[in-house]
Amino acid sequence: MAIEYGNRISTDSLYRHLQVLTADSLEGRETGKEGQRRAARYIADNFRRWGLVPLGRENGFQDHALSPRATQGRNLEANGASFCYYRDYYYYAGASDTTFELERLVYLNGLGEDEYGNDLSGAHILLEATALGRKADSALFDQRLRGLLGKRPALLLLIVHPFAEARERLVHAGTATRKLVQDFPATRIVWISTEAAAALFPRGVEHVFRELRAEHPEHRVPERRDLLPDARLHWRSDTRALLGQNVAYLLPGTDRRGRCIVISAHYDHLGVRDSAIYRGADDNGTGTAALLELARVFAMAANDGHRLKYGILFLPVSGEEKGLLGSKFYVENPLIPLKKTLADLNIDMIGRSDAWHDSTGQRRYVYVIGDEKLNTRLHKLNRAVSEQYTHLQLDYRFNDRKDKNRYYARSDHYNFVKKGIPATFYFSGNHADYHKPTDTIDKIDLELMGVRVRQVWGCGCLFIKPLKKSKMILMN
């Protein structure tokens with residue numbers, strides 16, 4: 001498209017969308033809840049207003065089922081104290097309601113091959129997660145955890161600290177998490193905060209550990225010790241079936257083979273927890289607002305006679321926060337054949353700057369992840385747009401396969417990649433308000449966000465190859 005259309009990307013429009021997406025009435029947009037459905041209707045209403053074509057159902061919604069158990073609420077009780085899923089503990093999906101009477105709790109420490117013994121079948125185990133490895137999503141940790149689960153305990157309580165950081169890695173583990181549940185169905189695996197673990201013992205878990213160390217002058221707790229917590233753990237869950245919605249609208253192109261690119265962003269967030277609304281302004285209100293603004297401007301150009309060669313499928317998905325579920329469902333049930341899907345441009349959190357760039361003053365940047373994994377075309381297009389139009393610094397550090405954050409596998413583009421479709425993930429980095437109620441609209445840098453949206457715009461333009469090349473070039 002001509003540069004004039006890229007320059008019509010409006011920070012005022014972006015802000016208006018963010019206001020709606022973060023409003024009280026949307027209740028944090030949790031997948032399967034009314035707030036998410038309101039957000040879906042808002043998105044679809046705008047798409048229809050701009051003349052886009054709904055795919056799937058008449059309103060463009062593509063329903064996908066979630067796990068039938070909603071685990072929110074004060075649904076873990078330990079010795080009379082109540083704890084909240086996600087805030088205080090996390091357990092792998094699919095577990096049923098149950099009660100554990102903890103008359104004997106086996107505390108394990110150390111990493112030897114045989115010191116745990118072979119008589120752990122049906123046991124209730126307490127373990128500090130660091131005994132298995134420093135990182136809860138590392139290969140070594142997984143290997144050691146599987147070795148322990150192979151002894152078939154009934155319950156495994158893993159104490160993690162800081163809990164919130166470990167929980168986020170687990171939530172985004174996706175396929176690996178589900179595989180663990182499938183491989184060891186006999187064991188309830190629960191990750192708990194130190195506060196929740198303390199409730200198992202009248203004087204707190206640290207007191208127990210101090211007593212254990214005091215018994216051993218070398219301050220090394222034995223590899224195995226039986227504890228007598230006399231605790232009762234009870235889980236109860238909400239068993240309503242839940243549905244999420246992807247929203248799929250097409251701006252058609254002229255290609256006789258019906259090929260298209262996808263522009264995706266997840267519009268769901270975490271909902272309401274302990275009466276606090278998790279508004280998700282950056283995660284991923286910014287990506288959703290960007291997708292909406294791109295749809296408006298691309299549709300405007302097409303209506304002005306600037307026809308596209310390839311179509312654009314605008315695909316806001318839900319279920320990302322629950323394990324990339326919406327995009328996974330889409331690639332397994334595509335509304336446009338995957339062989340006709342040429343690329344995915346995915347937008348997730350582009351409204352802030354992270355601590356490193358703040359400290360260096362280099363805030364005019366965007367992380368570009370995955371654009372050269374399957375081929376180099378997207379990489380070359382992003383470079384051209386940056387050098388000739390947006391002048392953004394393209395930061396590629398998270399492209400490293402050894403990146404401990406694993407961002408390449410943590411957003412919706414990854415499901416397209418697994419199907420062999422090239423993808424780019426646009427991201428501005430993590431920050432202190434990530435997955436907290438404080439991720440609010442007042443902290444969004446709208447000017448910087450607008451430049452990042454133009455980066456996506458430019459890459460999409462160059463990929464689509466507009467027909468009227470004399471008028472449709474990106475640059476002056």
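The values are calculated or read from the model by the stated rules, or taken from the named source; none is laboratory data. What you are looking at is a predicted structure, and each value in this text was computed from that prediction instead of being measured. Counting neighbours? That spans all protein chains shown, and the Cβs are built from the backbone with ideal geometry, glycine included. To get the accessible areas, we keep the full protein, side chains included, count just its heavy atoms, and leave off ligands, DNA and RNA. Shrake-Rupley method; radii C 1.70, N 1.55, O 1.52, S 1.80 Å.
Which one of the conditions (1) open to solvent by 10 Å² or more (accessible area, probe 1.4 Å); (2) over 16 Å from LEU270 (Cβ atoms) does GLU34 fail to meet, given that it meets all the rest?
(2)
Quick one: would you say GLU321 is out of contact with any strand residue (DSSP E or B) (no Cβ under 8 Å at 6 or more places or on another chain), assigned to a helix (DSSP H, G or I) and of a type in the set (Asp, Glu)?
Considered against the rule, which asks whether it is out of contact with any strand residue (DSSP E or B) (no Cβ under 8 Å at 6 or more places or on another chain), assigned to a helix (DSSP H, G or I) and of a type in the set (Asp, Glu), GLU321 comes out as no.
When you scan the stretch 357-371, do you find a residue that is out of contact with any strand residue (DSSP E or B) (no Cβ under 8 Å at 6 or more places or on another chain) and of a type in the set (A, V, I, L, M), even just one?
No.
Please state which one of LYS404, LYS380 is open to solvent by 30 Å² or more (accessible area, probe 1.4 Å), assigned to a loop (DSSP other than H, G, I, E, B) and out of contact with any His (no Cβ under 9 Å at 6 or more places or on another chain).
Within the list LYS404, LYS380, the selection yields LYS404.
Report, by residue number, each residue of the stretch 298-325 that is modelled with pLDDT under 95 and under 17 Å from the mean Cα position of the chain (by Cα).
GLY319, GLU320, GLU321, LYS322, GLY323, LEU324, LEU325 - these are the residues of the stretch 298-325 that are modelled with pLDDT under 95 and under 17 Å from the mean Cα position of the chain (by Cα).
For the stretch 1-67, which fully contained helices (runs of 4 or more DSSP H) count at least 1 residues that are at pLDDT 95 or above?
The qualifying helices (runs of 4 or more DSSP H) are 11-21, 34-49.
Got at least one residue in the stretch 343-350 being over 20 Å from LEU315 (Cβ atoms), open to solvent by less than 70 Å² (accessible area, probe 1.4 Å) and not hydrophobic (A, V, I, L, M, F, W, C)?
Scanning the stretch 343-350, I find no residue that is over 20 Å from LEU315 (Cβ atoms), open to solvent by less than 70 Å² (accessible area, probe 1.4 Å) and not hydrophobic (A, V, I, L, M, F, W, C), so the answer is no.
Filter the stretch 167-196 down to the residues that are modelled with pLDDT of 80 or more, open to solvent by less than 10 Å² (accessible area, probe 1.4 Å) and not β-branched (Val, Ile, Thr), then identify the one that is nearest to LYS418 (Cα to Cα).
Checked the stretch 167-196; the qualifying residue nearest to LYS418 (Cα to Cα) is TRP191.
Any chance you could count how many residues in the stretch 153-166 are modelled with pLDDT under 80 and either open to solvent by 20 Å² or more (accessible area, probe 1.4 Å) or on the phi > 0 side of the Ramachandran plot (or both)?
The number of residues fulfilling the criteria is 2.
To keep it simple, each residue is scored yes or no on (1) within 17 Å of GLY32 (Cα to Cα); (2) open to solvent by 10 Å² or more (accessible area, probe 1.4 Å); (3) in contact (Cβ under 8 Å) with a residue 24 or more places away in the chain.
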{"position": "ASP268", "(1), (2), (3)": "yes, no, yes"}
{"position": "ASP282", "(1), (2), (3)": "no, no, yes"}
{"position": "ALA289", "(1), (2), (3)": "no, no, yes"}
{"position": "LEU292", "(1), (2), (3)": "no, no, yes"}
{"position": "PHE298", "(1), (2), (3)": "no, no, yes"}
{"position": "ASP304", "(1), (2), (3)": "no, yes, no"}
{"position": "LYS309", "(1), (2), (3)": "no, yes, yes"}
{"position": "ILE312", "(1), (2), (3)": "no, no, yes"}
{"position": "LEU315", "(1), (2), (3)": "no, no, yes"}
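Go over the candidates GLN393, GLN388 one by one and state the one that is open to solvent by 60 Å² or more (accessible area, probe 1.4 Å), more than 21 Å from LEU270 (Cα to Cα) and in contact with a strand residue (DSSP E or B) (Cβ under 6 Å, 6 or more places away or on another chain).
Result: GLN393 is the single residue among GLN393, GLN388 that is open to solvent by 60 Å² or more (accessible area, probe 1.4 Å), more than 21 Å from LEU270 (Cα to Cα) and in contact with a strand residue (DSSP E or B) (Cβ under 6 Å, 6 or more places away or on another chain).
In the stretch 341-377, what count of residues is obtained for those that are in a loop (DSSP other than H, G, I, E, B) and in contact (Cβ under 8 Å) with a residue 60 or more places away in the chain?
Residues that pass the stated criteria total 9.
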